[in-house]
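The values are calculated or read from the model by the stated rules, or taken from the named source; none is laboratory data. Remember, it's a predicted structure, so these values are computed and weren't measured experimentally. Backbone-built Cβ (ideal geometry, glycine too); neighbour counts: all protein chains shown.
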């Protein structure tokens, strides 16, 4: 079965590009025909196909809107021309795009959408009249496109349930495809001391990370511990964090620096205010990076892991509870945690499972 997984963005974030690169590597490791393409004006990345006509480096809103329009037209025209090379399309879902809907109606091959968030609630969170317009357009074009596509793929169970409800199509099932990373077999360093050290990493601590709530909990606790914050903080959070000696601020660190710091830590922390995005479940790369480095994770949200997973705990933002879990997993070695988590976070394993699901769907539709 020949699959094209593609997306189109004017300025794709490095995280998305790296995920697509990893997926391409995983497909090669599996020996399957699964091509990965980011259609974009961006250059110098091995999964990027350069858009021929779009130049988006303009300051005006009109120029940006025209760039978006030309990109979407060019991208979907290109997709139509690819039909002869593939048996199915797997497309990263894009909000309120009429060309996406038109492509599905014209395509001679089945189209599956990959959803990474709850689109309508996230658009509605934005401030201003534009957010209302965008969420309204998504309710219209998005609902039609999702209903017309061949299947729904989501990175979490919650997202799949939400998108299936939007389709209004009875009997349709979703396919789970969590975010994943390449896991390594190298021996993991363990430099944990007697005092619990925790690490919380974000490029930028947004409101849904709940750092303000964590600082509240730290302030209310007299326990002995250390929390390492890696990333950029809001000024108010930064000021509060500087007042407690148990909080160590590192700013932005590269992956090698984070791995070295993680060797001292007992536990990785994830978001505690996902409800601010109207979500209860997440599938973040940061959690997977923690686990691959042998760090168990405590989070204020659910993930795709089994309820009895020893390496991940979803619970309240309560320092004594977090420290009790840190003490429990202290008995597990780094290698133990990485091995236990691997089936749920390894990119090659996850892509193989999705490919098998798509093959099964194709067989079912031929019967």
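It is to be established whether one or more residues within region 55-64 are surrounded by 17 or more Cβ atoms within 10 Å (Cβ to Cβ), on the phi < 0 side of the Ramachandran plot and touching a residue at least 12 places away in the same chain (Cβ under 8 Å).
Yes; the residues of region 55-64 include at least one that is surrounded by 17 or more Cβ atoms within 10 Å (Cβ to Cβ), on the phi < 0 side of the Ramachandran plot and touching a residue at least 12 places away in the same chain (Cβ under 8 Å).
For region 37-54, name all the residues that are buried (at least 20 other Cβ atoms within 10 Å of the Cβ) and either out of contact with any helix residue (DSSP H, G or I) (no Cβ under 8 Å at 6 or more places or on another chain) or part of a strand (DSSP E or B) (or both).
Within region 37-54, 38, 39, 40 meet the criteria.
Going through region 134-163 one residue at a time, which ones are touching a helix residue (DSSP H, G or I) at 6+ places or on another chain (Cβ under 9 Å), over 14 Å from residue 120 (Cβ atoms) and part of a helix (DSSP H, G or I)?
Correct list: 147, 148.
Please go through region 279-291 and pick out each residue that is farther than 23 Å from residue 215 by Cβ, in contact with a helix residue (DSSP H, G or I) (Cβ under 6 Å, 6 or more places away or on another chain) and touching a residue at least 60 places away in the same chain (Cβ under 8 Å).
Of everything in region 279-291, those that are farther than 23 Å from residue 215 by Cβ, in contact with a helix residue (DSSP H, G or I) (Cβ under 6 Å, 6 or more places away or on another chain) and touching a residue at least 60 places away in the same chain (Cβ under 8 Å) turn out to be 281, 288.
Scanning region 47-59 for residues that are more than 14 Å from residue 7 (Cα to Cα) and modelled with pLDDT of 70 or more, which turns out nearest to the chain's Cα centre (by Cα)?
For region 47-59, the residue satisfying everything is 54.
Counting residues that are surrounded by 13 or more Cβ atoms within 10 Å (Cβ to Cβ), touching a strand residue (DSSP E or B) at 6+ places or on another chain (Cβ under 8 Å) and free of Cβ contacts under 8 Å to residues at least 60 places away in the same chain, which strands (runs of 3 or more DSSP E) fully inside region 216-272 reach at least 2?
In region 216-272, 226-232, 247-251 are the strands (runs of 3 or more DSSP E) which contain 2 or more residues that are surrounded by 13 or more Cβ atoms within 10 Å (Cβ to Cβ), touching a strand residue (DSSP E or B) at 6+ places or on another chain (Cβ under 8 Å) and free of Cβ contacts under 8 Å to residues at least 60 places away in the same chain.
Select from region 82-116 the residues that are under 22 Å from the mean Cα position of the chain (by Cα) and part of a helix (DSSP H, G or I) and list them in ascending order. It would help to see each step written out before you state the result.
Of region 82-116, the ones under 22 Å from the mean Cα position of the chain (by Cα) are 89-97, 100, 111-116.
Scanning region 82-116 gives a single hit, 100.
Checking residue 179 against (1) in a loop (DSSP other than H, G, I, E, B); (2) under 26 Å from residue 306 (Cβ atoms); (3) at pLDDT 95 or above; (4) in contact with a strand residue (DSSP E or B) (Cβ under 9 Å, 6 or more places away or on another chain): exactly one of these is not met. Which one?
(4)
If only one of 142, 168, 193 is out of contact with any strand residue (DSSP E or B) (no Cβ under 9 Å at 6 or more places or on another chain), farther than 26 Å from residue 271 by Cα and surrounded by fewer than 17 Cβ atoms within 10 Å (Cβ to Cβ), which one is it?
Exactly one residue qualifies, and that residue is 168.
Out of 79, 71, report the one residue that is in contact with a helix residue (DSSP H, G or I) (Cβ under 9 Å, 6 or more places away or on another chain), closer than 20 Å to residue 6 by Cα and part of a helix (DSSP H, G or I).
79
Residue check: is residue 341 out of contact with any strand residue (DSSP E or B) (no Cβ under 6 Å at 6 or more places or on another chain) and either at pLDDT 95 or above or not assigned by TED's automatic domain parsing to the domain that holds residue 204 (or both)?
Criteria met by residue 341.
Could we say that residue 176 is outside the structural domain of residue 291 (by TED's automatic domain parsing), over 18 Å from residue 322 (Cβ atoms) and in contact (Cβ under 8 Å) with a residue 24 or more places away in the chain here?
Details: outside the structural domain of residue 291 (by TED's automatic domain parsing): yes; over 18 Å from residue 322 (Cβ atoms): yes; in contact (Cβ under 8 Å) with a residue 24 or more places away in the chain: yes.
Here the answer is yes, as residue 176 does meet what is asked.
Pull out all pairs, ordered by first then second residue, where Cβ-Cβ is under 7 Å, the residues are six or more apart or on different chains, the first lies in region 101-114 and is outside the structural domain of residue 147 (by TED's automatic domain parsing), and the second is surrounded by fewer than 18 Cβ atoms within 10 Å (Cβ to Cβ) and at pLDDT below 95.
Sorted first by the residue in region 101-114, then by its partner, the list stays empty.
Could you please let me know if residue 318 is touching a helix residue (DSSP H, G or I) at 6+ places or on another chain (Cβ under 8 Å), in the same structural domain as residue 206 (by TED's automatic domain parsing) and within 22 Å of residue 163 (Cα to Cα)?
No; evaluated as a whole, the condition is false for this residue.
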